1. Among the residues of the range 7-27, how many are surrounded by fewer than 17 Cβ atoms within 10 Å (Cβ to Cβ) and part of a helix (DSSP H, G or I)?
2. Among residues belonging to the range 118-154 that are surrounded by 15 or more Cβ atoms within 10 Å (Cβ to Cβ) and not in a helix (DSSP H, G or I), point out the one that is modelled with the lowest pLDDT.
3. Tell me, which residue of the range 28-44 that is touching a strand residue (DSSP E or B) at 6+ places or on another chain (Cβ under 8 Å) and either open to solvent by 30 Å² or more (accessible area, probe 1.4 Å) or not small (Gly, Ala, Ser) (or both) is nearest to GLU81 (Cα to Cα)?
4. Within the bounds of the range 59-72, is there any residue that is at pLDDT 90 or above, surrounded by fewer than 18 Cβ atoms within 10 Å (Cβ to Cβ) and either part of a loop (DSSP other than H, G, I, E, B) or in contact with a Lys or Arg (Cβ under 9 Å, 6 or more places away or on another chain) (or both)?
5. Considering every residue within the range 55-72, establish whether at least one is basic (Lys, Arg) and touching a residue at least 24 places away in the same chain (Cβ under 8 Å).
6. Can we say GLN91 is at pLDDT 85 or above, exposed (fewer than 14 other Cβ atoms within 10 Å of the Cβ) and closer than 29 Å to VAL22 by Cα?
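The values are calculated or read from the model by the stated rules, or taken from the named source; none is laboratory data. What you are looking at is a predicted structure, and each value in this text was computed from that prediction instead of being measured. As a convention, Cβ positions derive from the backbone with ideal geometry for all residues, glycine included, and neighbour counts pool all protein chains shown. Keep in mind that these areas ignore ligands, DNA and RNA; they rest on the heavy atoms of the full protein, side chains included. Shrake-Rupley method; radii C 1.70, N 1.55, O 1.52, S 1.80 Å.
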Amino acid sequence: MKMHLAELNVGRLLAPTDDPRVADFMENLDRVNGLGKRMPGFVWMMEWSGEPGTGNTDAKIGGDPQYVSNLTVWEDAASLETFVWKTVHKQFYDRRAEWFEVLGKMHFVMWWVPAGHRPTLDEALEKLAYKQEHGDSDVAFGWSYLSDAQAWKTHGCAEVAAE
């Protein structure tokens, strides 16, 4: 069975989505997400409202409107790695401290799904909770679990801040 790589990244904005302090992030969501959708190896992205400039900011986690999430599926780790570390996405990743709180626990997870499967946010949050409790495993993992992933070693950050 062909497998694809799902990933969830969760962050909590420093301010509400309409606040000027996060405007640069919000104004570039469509640009960065659009690039991701055009990347070789991209399969699917969770989208809520479809309104320009909202990205996945409508997906409230725990009822908190400042939590935003990104849930995507890729053909393989190399495709996701290229998008994350070798495109304009990296410039926004490097600026994450301007817009996001540092969370006290890991908030990024990947896992393999059968080709054609579109994970729900609830499923993804379960994978994140599993990784937080058990660490990297075949069930849920981070970049370091993927032997062929290398860019995170020089471009990533401490696990407590983001992966």
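1. Residues meeting the conditions: 5.
2. ALA151
3. Step by step, filter the range 28-44, then rank; the result is PHE42.
4. No, the range 59-72 has no match at all.
5. No, the conditions are met nowhere in the range 55-72.
6. yes
Residue by residue, here is whether (1) farther than 23 Å from ARG31 by Cα; (2) in contact with a strand residue (DSSP E or B) (Cβ under 9 Å, 6 or more places away or on another chain); (3) among the charged types (D, E, K, R) holds:
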residue	(1), (2), (3)
ASN70	no, yes, no
GLU98	no, no, yes
LEU103	yes, yes, no
PHE141	yes, yes, no
